[in-house]
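Chemist: Next up is a structure, given as structure tokens.
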Amino acid sequence: MDFRNDLSRAVERYRAEVASPREHLALLRWQMAEGHALDRRDTFPGHLTTSAFVLSPDHAQVLLIDHVVIGRWLQPGGHWEEAEQFHLSAAREAVEETGVQGLSLHPWHRGGDLPFTIDSHDVPGKPPRGEPGKPSRGEPAHIHHDLQYLFLADPALPLVAQVEEVHAAAWKPIGALAEIAPRALERLSDLPRP
């Protein structure tokens, strides 16, 4: 993978084919133009993450994790790690965090690496245990530029949560995304059922 060129292609395709007129992705595009190493988690003000919206085949349920650090239910994901394509990084995170079986890229992607959603969001700094006010690992508050992909899996198969990062993994009604990822939920409502 040629990270910078592949990211540039993914972002430009997303803006041309998927993004609403209000999605400018200004900070992400500025960091890309400045040559920031977005593949490194120590790049600030922001760096790249990938995440997975894992849907049941009928789109009625979504697989979510109860995140240990953040303390709320979210879609599986994490910092980008080396992969041949961005959606493979998201898939790896979903499998690692939930143990989901039979994961497949949603037909919406037509086998390609076009993100379903790109969400740049604030992440608070992480004070170490016992030392309030000091960022852990030198991480101040920053931005995650999250490339989000759709996957399908069978909710009848067992899950195994990765206890180091996840309190639990569970299938929830698709409406749970209203609080977590409203843009993705809106786009999902426009998709035909497979």
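The values are calculated or read from the model by the stated rules, or taken from the named source; none is laboratory data. It should be emphasised that the depicted structure is a prediction, and the values quoted were computed from it without experimental measurement. For neighbour counting, all protein chains shown are included, and Cβ atoms are generated from backbone atoms with ideal geometry for every residue, glycine included. Protein only, heavy atoms only, side chains kept; ligands, DNA and RNA dropped before computing areas. Shrake-Rupley method; radii C 1.70, N 1.55, O 1.52, S 1.80 Å.
Chemist: All but one of (1) touching a Leu at 6+ places or on another chain (Cβ under 8 Å); (2) loosely packed, with under 13 Cβ neighbours inside 10 Å; (3) more than 20 Å from VAL18 (Cα to Cα); (4) small (Gly, Ala, Ser) hold for ALA156; which doesn't?
Modeler: For ALA156, the failing item is (1).
Chemist: If you take the residues in the stretch 135-194 that are among the small types (Gly, Ala, Ser) and part of a loop (DSSP other than H, G, I, E, B), which one is nearest to ALA90 (Cα to Cα)?
Modeler: From the stretch 135-194, those among the small types (Gly, Ala, Ser) are 136, 138, 141, 153, 156, 161, 168-170, 175-176, 178, 181, 184, 189; that's our starting set.
In the following step, the residues that additionally are part of a loop (DSSP other than H, G, I, E, B) were identified as 141, 153, 156, 161, 181.
On the way: ALA141: 23, ALA153: 14, ALA156: 21, ALA161: 16, ALA181: 16 Å.
Filtering the stretch 135-194 for residues that are among the small types (Gly, Ala, Ser) and part of a loop (DSSP other than H, G, I, E, B), the one nearest to ALA90 (Cα to Cα) comes out as ALA153.
Chemist: Counting just the residues of the stretch 154-184 that are hydrophobic (A, V, I, L, M, F, W, C) and touching a Phe, Trp or Tyr at 6+ places or on another chain (Cβ under 9 Å), which one comes out nearest to THR98 (Cα to Cα)? Working first, answer last.
Modeler: Initially, the stretch 154-184 is screened for residues hydrophobic (A, V, I, L, M, F, W, C), giving 156-157, 159-161, 163, 166, 168-171, 174, 176-178, 180-181, 184.
After this cut, where a residue has to be touching a Phe, Trp or Tyr at 6+ places or on another chain (Cβ under 9 Å) as well, the list is 159, 168, 170, 176-177, 180-181, 184.
Details: LEU159: 6, ALA168: 8, ALA170: 8, ALA176: 17, LEU177: 17, ILE180: 18, ALA181: 19, ALA184: 20 Å.
Checked the stretch 154-184; the qualifying residue nearest to THR98 (Cα to Cα) is LEU159.
Yes/no per residue for (1) hydroxyl-bearing (Ser, Thr, Tyr); (2) open to solvent by 70 Å² or more (accessible area, probe 1.4 Å):
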{"residue": "SER8", "(1), (2)": "yes, no"}
{"residue": "GLN31", "(1), (2)": "no, no"}
{"residue": "THR43", "(1), (2)": "yes, no"}
{"residue": "ALA60", "(1), (2)": "no, no"}
{"residue": "LEU64", "(1), (2)": "no, no"}
{"residue": "ILE70", "(1), (2)": "no, yes"}
{"residue": "PRO76", "(1), (2)": "no, no"}
{"residue": "TRP80", "(1), (2)": "no, no"}
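Chemist: Taking the criterion of being under 15 Å from the mean Cα position of the chain (by Cα) and outside any loop (DSSP other than H, G, I, E, B), would at least one residue in the stretch 32-41 satisfy it?
Modeler: Taking the stretch 32-41 as the starting set, the residues that turn out to be under 15 Å from the mean Cα position of the chain (by Cα) are 38-39, 41.
Filter once more, keeping what is outside any loop (DSSP other than H, G, I, E, B): none.
Within the stretch 32-41, not a single residue is under 15 Å from the mean Cα position of the chain (by Cα) and outside any loop (DSSP other than H, G, I, E, B).
Chemist: For residues in the stretch 101-110 being touching a Leu at 6+ places or on another chain (Cβ under 6 Å) and of a type outside the set (Phe, Trp, Tyr), which is most open to solvent (accessible area, probe 1.4 Å)? Walk me through it before giving the result.
Modeler: Just the residues of the stretch 101-110 that are touching a Leu at 6+ places or on another chain (Cβ under 6 Å), to begin with: 101, 104, 106, 108.
Checking which are of a type outside the set (Phe, Trp, Tyr) leaves us with 101, 104, 106.
Numbers: GLN101: 81, SER104: 52, HIS106: 10 Å².
So, considering only residues that are touching a Leu at 6+ places or on another chain (Cβ under 6 Å) and of a type outside the set (Phe, Trp, Tyr), the one most open to solvent (accessible area, probe 1.4 Å) is GLN101.
Chemist: Right, next: Specify the residue that is farthest from PRO57 (Cα to Cα); the eligible residues are those in the stretch 91-108 that are in contact (Cβ under 8 Å) with a residue 60 or more places away in the chain and among the hydrophobic types (A, V, I, L, M, F, W, C).
Modeler: Restricting to residues being in contact (Cβ under 8 Å) with a residue 60 or more places away in the chain and among the hydrophobic types (A, V, I, L, M, F, W, C), the top hit is ALA91.
Chemist: In the set GLY133, GLY138, which member is at pLDDT below 95 and out of contact with any Pro (no Cβ under 9 Å at 6 or more places or on another chain)?
Modeler: Numbers: GLY133 fails: out of contact with any Pro (no Cβ under 9 Å at 6 or more places or on another chain).
Among GLY133, GLY138, only GLY138 is at pLDDT below 95 and out of contact with any Pro (no Cβ under 9 Å at 6 or more places or on another chain).
Chemist: Right, something else. Of all residues in the stretch 64-118, which are assigned to a loop (DSSP other than H, G, I, E, B) and among the β-branched types (Val, Ile, Thr)? I'd like the intermediate steps shown before the answer.
Modeler: Pass one, the stretch 64-118, residues assigned to a loop (DSSP other than H, G, I, E, B): 68-72, 75-76, 80-85, 99-103, 106, 110-116.
Passing the criteria: VAL68, VAL69, ILE70, VAL100.
Chemist: On the basis of being under 24 Å from ASP190 (Cα atoms) and of a type in the set (Phe, Trp, Tyr), does PHE86 make the cut?
Modeler: Values: under 24 Å from ASP190 (Cα atoms): yes; of a type in the set (Phe, Trp, Tyr): yes.
Spelling it out, PHE86 is indeed under 24 Å from ASP190 (Cα atoms) and of a type in the set (Phe, Trp, Tyr).
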